[in-house]
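Here is the structure we will look at.
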Amino acid sequence: MNFNRHLELEGQHAFLGASKYHWINYSEQKIVEAYNNFMATQRGTELHEFARRCIELRQKLPRTKQTLNMYVNDAIGYKMTPEQVLYYSDNCFGTADAIAFRDNFLRIHDLKTGVTKTHIEQLRIYAALFCLEYHVKPSDIEMELRIYQNDEILIDNPEVSDIVPIIDKIITSDKIISKIKYEENN
């Protein structure tokens, strides 16, 4: 049998695909909800890419209280770097939406395009990753972490006591995972 070729679809996954089979048990309402969530995720990805390009090009948006506009304009105003990977190990890294470090002041901003309530811990992990990667002691710097969501800005100024336990957890957890990987390969 000669199977049909679908070159344009290779490596992609359909919303109603076999690899995410749970949808076969969904009601019609649940299908609608799941698809809307899927599309919101897609839109969020596109908005992040748009914001990244605006920041890179230093293209400010109209000054409004809209989440995207405030995020982009603030990142440009603070001369931040968009979509920066922060790396500790292959087991622990992440991408900060926007980051800047000047005069011992670490600033990390996160754009949230969904409606689900977010948690500042994500940004605290980025701060811990920054400290680990660049060998910066949290006690030697000041930090401001911001989440932009639902036309509001949540601001957090973490203390050393908020970041050090995360750094310790990263180091300990990385050692555990590295040991497991080593044992699996030897």
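The values are calculated or read from the model by the stated rules, or taken from the named source; none is laboratory data. Nothing here was measured: the structure is a model prediction, and the numbers come from that model. Glycine gets a Cβ as well: all are built from the backbone with ideal geometry, and neighbour counts include every protein chain shown. Ligands, DNA and RNA are stripped out before the accessible areas are found, and what is left, the full protein with its side chains, is counted by its heavy atoms. Shrake-Rupley method; radii C 1.70, N 1.55, O 1.52, S 1.80 Å.
Of the residues 105, 93, the single one that is among the aromatic types (Phe, Trp, Tyr) and more than 28 Å from residue 38 (Cα to Cα) is 105.
May I ask you to list the residues in the range 58-74 that are touching a strand residue (DSSP E or B) at 6+ places or on another chain (Cβ under 9 Å) and of a type outside the set (Phe, Trp, Tyr)? Walk me through how you get there before you give the answer.
Narrowing the range 58-74 to residues touching a strand residue (DSSP E or B) at 6+ places or on another chain (Cβ under 9 Å): 65, 67-68, 70-72, 74.
Listed by number, the residues that qualify are 65, 67, 68, 70, 72, 74.
Scanning the range 17-38 turns up one or more residues that are in contact with a Leu (Cβ under 7 Å, 6 or more places away or on another chain), open to solvent by less than 80 Å² (accessible area, probe 1.4 Å) and either at pLDDT below 95 or farther than 20 Å from residue 112 by Cβ (or both). Of all the residues in the range 141-185, those that are of a type in the set (Val, Ile, Thr), farther than 17 Å from residue 89 by Cα and free of Cβ contacts under 8 Å to residues at least 24 places away in the same chain number 2. Within the range 1-29, residues that are over 16 Å from residue 42 (Cβ atoms) have Cβ atoms under 7 Å from residues that are assigned to a loop (DSSP other than H, G, I, E, B) in these pairs: 19/13; 23/16, counting only partners at least 6 apart in sequence or on another chain.
Looking only at residues in the range 169-186 that are within 15 Å of residue 128 (Cβ to Cβ) and of a type in the set (S, T, N, Q), the one that is surrounded by the fewest Cβ atoms within 10 Å (Cβ to Cβ) is 172.
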